[in-house]
Amino acid sequence: MTASYVCRIDPNAIVALDMHVHIEADSHGHFSLDQPLMEASAAYFKAGSDRAPTLDRVAAYYREREMAAVVFTVDAGTARGHPPLSSAEIAQGAAAHADVLIPFGSVDPLRGADAVDQARRLVEDFGVRGFKFHPSLQAFSPNDREHYPLWQTLSELGVVALFHTGQTGIGAGMPGGYGIKLRYSDPMLLDDVAADFPDLTMILAHPSVPWVDSSLSIATHKANVYLDLSGWSPKYFPPQLVRQAGTLLRHKVLFGSDFPLLTPDRWLADFADLDVKDEARPLILKENALRLLGLR
Ligand SMILES: [Zn+2]
């Protein structure tokens, strides 16, 4: 058995830490989503031919760029009826590339107590540093009391909870959005969780379209809430997000790409053109993430 993940990232050697990278294929040829969803999301993002690189390839890609990356899958087994990739395997893969990768786990909140047990095992036996949730894809309301034991456990374990918020490219352009409901990803549902679990460090992912003002308010109000800027090219960020990312929220905002759907190369090139103060840039690109992951 591979040893549990131990981070070997040198904070001074990396130029950026990408907070949001999806592993969508494993070494056995399985994919995280069923084929219609993989194809529709690739079209929506105009992703290149390499829609689903394996973990080893992701590690090489980031190592080449002197960047670190948080990697994860999403277990939406109950809602989507498609078997998830193994978060234990992702953590073991990241352990073999601990100079560049940080593993987050994923559990299916609809599995109740099983999800809580699995989360605990992923932290204690495999060393994952946080968890990724996608309320729309996983079809759950984060503020529903039935999920509170999960948030309580993550809070006690001292790991980060990262939530997809806003519109999603998964199911986009398909009839009925393939049954995927956007309202589960309203960030205001997470304001309840942040209030009830003040020791749980939470990240609201993406510009939360059409609820960007909600996310900005929550991150301003709740000390335990951060924002990641993944999933959209900075060129299309709403102006209030750009303004606050460089000023009021400069210690709360994190670089993320959403690779492989959006490349860090594209994101960083467009970020360079944004009207953000120079002193805020290193905070957004790596320092805030290093601090919140306990790597500084
Ligand atoms: Zn994501």
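So here's what we get for this one:
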item	result
Residue order for D192, D26, D228 - accessible surface, 1.4 angstrom probe, largest first	D192, D26, D228
Loop GluC sites (Glu not before Pro), region 1-92 (other Cβ atoms within 10 Å of the site Cβ: 15 or fewer; DSSP)	E66
Accessible area in the full protein assembly, largest first, 1.4 Å probe, for R120, R183	R183, R120
Whole-Hz couplings from phi, Karplus 6.51/-1.76/1.60, listed for region 229-243; x for Gly and Pro	9, 7, x, 9, 5, x, 4, 9, 5, x, x, 5, 5, 4, 4
Estimated translational D of the chain in µm²/s (Stokes, Kirkwood radius over Cα pairs; 20 °C; 1.002 mPa s)	114 µm²/s
Cα lying deepest toward the dipole's positive end in region 1-72, options Y61, L33, N12, charges on Cβ	N12
Accessible-area order (highest first, 1.4 angstrom probe) of the listed residues M188, M202	M188, M202
Full-stretch length increase - Y148, T263 - with 0.36 nm per residue and alpha-carbon distance subtracted	38.0 nm
With DNA, RNA and ligands ignored, accessible area of R296 (1.4 Å probe; Å², nearest 10)	140 Å²
Per-residue SASA entry for W232, accessible area with 1.4 Å probe, Å² rounded to 10	60 Å²
Cβ-defined net charge surrounding P11, 13 Å radius [Lys, Arg +1; Asp, Glu -1]	0
Most positive-pole-ward Cα, V253, H221, L200, against dipole of region 184-296 from beta carbon charges	V253
Distant-in-sequence amide H partners of I102 (H built 1.01 Å from N, under 5 Å)	A69, V70, V71
Counting DSSP beta bridges with both ends in the chain, the antiparallel % (nearest 5)	5 percent
J(HN,Hα) series, region 29-41, from Karplus relation 6.51 cos²θ - 1.76 cosθ + 1.60, nearest Hz, glycine and proline x	x, 8, 10, 6, 10, 6, 5, x, 5, 4, 5, 5, 6
Spin-label model distance (nm) - E66 vs S27, 7 Å beyond Cα toward Cβ	3.0 nm
Accessible area of F237 in the full protein assembly, 1.4 Å probe (Å², nearest 10)	20 Å²
Simple Cβ-charge dipole of region 103-228, Lys/Arg +1 and Asp/Glu -1, about Cα centre, in debye nearest 20	280 debye
Cβ-placed point charges (K, R +1; D, E -1), dipole of region 16-292 about Cα centre in debye, nearest 20	460 debye
Long-range amide H partners of Y226 with built H, under 5 Å	M202, I203, L204
3J(HN,Hα) from dihedral phi, region 9-23, Karplus parametrisation 6.51/-1.76/1.60, rounded to Hz, x for glycine, proline	6, 8, x, 7, 8, 9, 8, 7, 10, 8, 7, 8, 10, 8, 9
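The values are calculated or read from the model by the stated rules, or taken from the named source; none is laboratory data. As the structure is a prediction and not an experimental result, all values here were calculated from the model. So basically every Cβ, Gly included, is an ideal-geometry build from the backbone, and we count neighbours across all protein chains shown. For the accessible areas, the whole protein counts, side chains as well, though only heavy atoms, and no ligand, DNA or RNA atoms are used. Shrake-Rupley method; radii C 1.70, N 1.55, O 1.52, S 1.80 Å.
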